[in-house]
Amino acid sequence: MDKADRSAYNAIIDLPYEDAPIFRVLDFNFLMDLFKRRKLVLTRPSKWGDPFENLLLKVKVFLKSNGEEINIRGVLDIFFGQCWSDNPEETDATWRIYSPNSNGVRISTTVSRLFNSVCLAPDRAPSTSVFLGKVKYMTAQEIIEFIQDSQNATRVILSADGRSAADWLLVKRMEFKHESEVRLLLRDPLQTVPQYEPQCAVSVDPFQLIQEVVFDPRIPEYRVQVYRDQLGMLGVNVPTRHSKLYSLPKMSIEIDVPDQK
């Protein structure tokens, strides 16, 4: 990790093995776009699907001193995130959720490769912070109780370097535990990305970042070859394979039929 800026504003959180593999499922067209544009795209928390992931954005906050309501949207909405997973196992649920059109791929890299790639992104503003952390899973009631504790809420809201706010953005409901998510977070305190923009992009070298591409098991073999050819035309030479999750083994059975004479 010596290549990256390891200041107090960048951190790997609850991921003890920096060379551990992590995975992300995305549409093949998005993979092509990644290799063409060489950009990782992250999304604001306010756009995340589960309402419990941005619960603090929906809570009214008042000052104890005078009862004045304060707007805390800027505390979390200056973050952008992207989801990965440290679960190496392929599952039917993962392919169907993240590749709904049966046109997906699973890319893999490591914790350190992803963290360093974003920390060293040439177009990352110096004011931004990078966090890469393991998601913690809690029940809905535990999340509500955490937010209703004024000390916890204060720590998140007044997080000077963004670490406490990042910790909060690494909390998800127990119902999503099967994802075993690892979340990449980019904090933009000076709001170099305009507020109306739901996403931000940082430049990376996908040829160095991505270590393997696995094709959705539902993609026909002929189309897998077409996709391999398309990647090859871009100069992509990372290992690829076609998932065998739905492949039947080759079997033969010999039976002995008694002589009926």
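Note on the range 51-75: among residues that are exposed (fewer than 10 other Cβ atoms within 10 Å of the Cβ) and acidic (D, E), the one that is farthest from T139 (Cα to Cα) is E68.
Do the conditions hold for A160, that is, is it surrounded by fewer than 20 Cβ atoms within 10 Å (Cβ to Cβ) and in a helix (DSSP H, G or I)?
Details: surrounded by fewer than 20 Cβ atoms within 10 Å (Cβ to Cβ): yes; in a helix (DSSP H, G or I): no.
The answer is no for A160.
Candidates S108, S127, S99: the one that is loosely packed, with under 15 Cβ neighbours inside 10 Å, polar (S, T, N, Q) and within 19 Å of L40 (Cα to Cα) is S127.
Residue count for the range 106-144 under the criterion of being out of contact with any strand residue (DSSP E or B) (no Cβ under 7 Å at 6 or more places or on another chain) and assigned to a helix (DSSP H, G or I): the result is 7. For the range 239-261, the set of residues classified as within 30 Å of E221 (Cβ to Cβ), free of Cβ contacts under 8 Å to residues at least 60 places away in the same chain and not basic (K, R) consists of P239, T240, H242, Y246, S247, L248, P249, M251, S252, I253, E254, listed by residue number. Please find, within the range 78-96, the residue that is farthest from T192 (Cα to Cα) out of those that are in contact (Cβ under 8 Å) with a residue 60 or more places away in the chain, in a helix (DSSP H, G or I) and not hydroxyl-bearing (S, T, Y). In this case the residue turns out to be D92.
For the range 166-180, a tally of residues being under 11 Å from F131 (Cα atoms), out of contact with any Phe, Trp or Tyr (no Cβ under 7 Å at 6 or more places or on another chain) and outside any loop (DSSP other than H, G, I, E, B) returns 1.
In the list R44, R38, which residue meets the criterion of being surrounded by 12 or more Cβ atoms within 10 Å (Cβ to Cβ) and either free of Cβ contacts under 8 Å to residues at least 40 places away in the same chain or more than 15 Å from R187 (Cα to Cα) (or both)?
R38
Values in this text are rule-based calculations from the coordinates and carry no lab data. All of these numbers come straight from a predicted model, not from anything done at the bench. Reconstructed Cβ throughout: ideal geometry from the backbone, glycine too, with neighbour counts over all protein chains shown.
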